[in-house]
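Contents: one structure, followed by commentary.
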Amino acid sequence: MNRPTRLVTAALTVSAALLLTACGSGGGDGGASDKIEGADGGRQPKASPSARPDGAGRPEVKLPGSFKADFVGWHNSDPKKQAILDDGRERLKAEYAAVIDADPQAGAVSFYTSQQALKSSRTYIKGYVDNNHTLVGAARVFNPQVSLSDAGGVLFYCVDESKGYTEDRKTKKRTGTPDDVNPVLQYRTTLKKTPEGVWSTVSLETERGGCDK
């Protein structure tokens with residue numbers, strides 16, 4: 001995929017000792033998994049809400065068969081950290097689905113995203129819509145690293161876009177990441193827990209080349 005790097009730093013305060021050696025030390029528990037998330041066939045961008053144990057009524061986000069997000073190693077033995085991983089994963093899937101559905105105001109995006117991160121996400125989606133572009137191919141999302149503090153949660157993860165493409169909806173011409181550009185980005189996000197129990201992403205930044213493949 002050929003995309004600009006995003007930078008939203010307002011509230012992205014990473015506590016000392018926080019997690020990371022720039023995606024270098026392994027992520028959540030459980031090791032890698034080859035399961036493809038959102039690989040269901042068919043285009044279902046307007047999925048109905050799905051009740052979870054906390055009763056938040058999370059929207060179920062499904063991606064079409066033309067684009068797959070492969071979440072590798074998104075498991076943690078700590079239930080609190082796993083909750084952050086789950087909602088962080090759905091936020092990214094919701095953003096991908098909104099691009100594919102050409103809907104910057106997608107409800108699933110605002111469900112999992114708020115504050116400055118929501119503004120950034122909508123601008124990012126609108127960029128695709130304005131250019132009549134969509135996403136095809138696959139993205140590998142790996143090495144999630146999560147931390148909890150009194151202020152909320154911090155989630156870093158890596159996205160390999162080398163097999164993902166921007167496609168013109170009319171001409172079907174595809175554009176990948178240029179050969180001289182690193183296809184792997186590091187996402188750095190902070191999250192706050194809503195009264196309903198949802199871990200909403202409130203700030204995010206991306207750094208191209210911040211991770212190893």
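Tabulated results
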read-out	value
VAL129-ASP179 pseudo-label distance in nm [points 7 Å out on the Cα-to-Cβ vector]	3.6 nm
Peptides 163-175, 84-96 ordered by average Cβ neighbours within 10 Å, highest first	84-96, 163-175
Square roots of five times the Cα gyration tensor eigenvalues for the stretch 47-175, Å	26, 17, 14
Estimated FRET transfer efficiency (GLU196, ALA151; beta-carbon r; R0 30 Å; 0.05)	0.95
Residue-normalised accessible area of the stretch 83-199, expressed per residue, 1.4 Å probe, Å²	40 Å²
Long-range lysine pairs (8 or more apart or interchain), the stretch 74-198, Cα under 19 Å	16
Sum of side-chain charges, GLN105 neighbourhood, beta-carbon under 10 Å (Lys, Arg +1; Asp, Glu -1)	+1
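The values are calculated or read from the model by the stated rules, or taken from the named source; none is laboratory data. Predicted, not measured: the structure shown is a model, and the values here were computed from it. So basically every Cβ, Gly included, is an ideal-geometry build from the backbone, and we count neighbours across all protein chains shown. The protein model used for the area step is the full one, side chains on, heavy atoms only, and it has no ligands, DNA or RNA in it. Shrake-Rupley method; radii C 1.70, N 1.55, O 1.52, S 1.80 Å.
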